Amino acid sequence: MDDIVKQAMARWPNVPDCFGWLGLDARGQWFLRDEETQSRGPFAQSKGSLVEHEKLQAFIARNYARDELGRWFFQNGPQRVYVELEAAPFVWRLQPDGQVQAHTGVRVMPEACLVDEQGRVYLVAAPGLGLVHSQDVLLLAEWLEQKRWPQEEVLADSLPQRFRFVASPAQQALA
């Protein structure tokens, strides 16, 4: 977490949390969701505005974390902005050199591979569960043939409970 964020948290400890205003899609892209976007439906159905500014993307990535309830958030100064997840907390990019990198830039060593009923592939790593980016399926197919990780078939609906993450903190907050 950035030092400036830690300083803001210490200076203003009681800033209310923010729900529904930020989403992470299945391709590892951040989306800002204003009130009008939120009124049109849940994330993925109504995504919002793509965050294209590279420095803002990097700032979000550096300050992306999980709380004790399994809700992923972006710590924006003193305010927690909870993230609506289309698929999983991370989106993995497979690198030609054999590395796996999160949408946040962190490199990981996956421990297992999961395939859901729609054929989507997830990798389990220390930071959490992540969906393999759709552009990496050819490289993924090679790696699966090499049996790099134990594979397991799963139901997508079981993943949030199994890997302790909340796909929609906004809907949970309304409940």
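The values are calculated or read from the model by the stated rules, or taken from the named source; none is laboratory data. All values derive from a computational prediction rather than experimental measurement. A quick note on method: Cβ atoms are made from the backbone with ideal geometry, for glycine too, and the neighbour counts reach across all protein chains shown.
Taking interchain pairs and intrachain pairs at least six residues apart, which have beta carbon atoms under 8 angstrom, with the first residue in the stretch 153-175 and over 24 Å from Arg33 (Cα atoms) and the second of a type in the set (S, T, N, Q)? Partner pairs satisfying both residue conditions: Ala156/Gln118. Please enumerate the residues belonging to the stretch 97-132 that are farther than 25 Å from Glu52 by Cβ, surrounded by fewer than 15 Cβ atoms within 10 Å (Cβ to Cβ) and among the small types (Gly, Ala, Ser). Within the stretch 97-132, Gly98, Ala112, Gly119, Ala126 meet the criteria. Hey, Gln57 hits all of (1) on the phi > 0 side of the Ramachandran plot; (2) surrounded by 15 or more Cβ atoms within 10 Å (Cβ to Cβ); (3) free of Cβ contacts under 8 Å to residues at least 60 places away in the same chain but one; which does it fall short on? Answer for Gln57: the failing condition is (1).
Counting only strands (runs of 3 or more DSSP E) that fall entirely inside the stretch 1-96 and contain at least 2 residues that are of a type in the set (A, V, I, L, M, F, W, C) and modelled with pLDDT of 95 or more, the qualifying elements are 18-24, 30-32, 72-76, 79-85, 90-94. What about Arg33, is it of a type in the set (Lys, Arg), in contact with a Leu (Cβ under 8 Å, 6 or more places away or on another chain) and not assigned by TED's automatic domain parsing to the domain that holds Gln101? Spelling it out, Arg33 is indeed of a type in the set (Lys, Arg), in contact with a Leu (Cβ under 8 Å, 6 or more places away or on another chain) and not assigned by TED's automatic domain parsing to the domain that holds Gln101. Annotation for the stretch 128-141: no member residue is in the same structural domain as Gln29 (by TED's automatic domain parsing) and touching a helix residue (DSSP H, G or I) at 6+ places or on another chain (Cβ under 7 Å).
Of the listed requirements (1) on the phi > 0 side of the Ramachandran plot; (2) in contact with a Lys or Arg (Cβ under 6 Å, 6 or more places away or on another chain), Gly77 misses just one: (2). Taking the criterion of being surrounded by 20 or more Cβ atoms within 10 Å (Cβ to Cβ) and without any contact (Cβ under 8 Å) to a residue 60 or more places away in the chain, the residues of the stretch 61-89 that qualify are Tyr64, Phe74. With respect to the conditions (1) under 17 Å from the mean Cα position of the chain (by Cα); (2) surrounded by 14 or more Cβ atoms within 10 Å (Cβ to Cβ); (3) under 27 Å from Leu174 (Cβ atoms); (4) in contact (Cβ under 8 Å) with a residue 60 or more places away in the chain, Phe31 lacks only one, and its number is (4).
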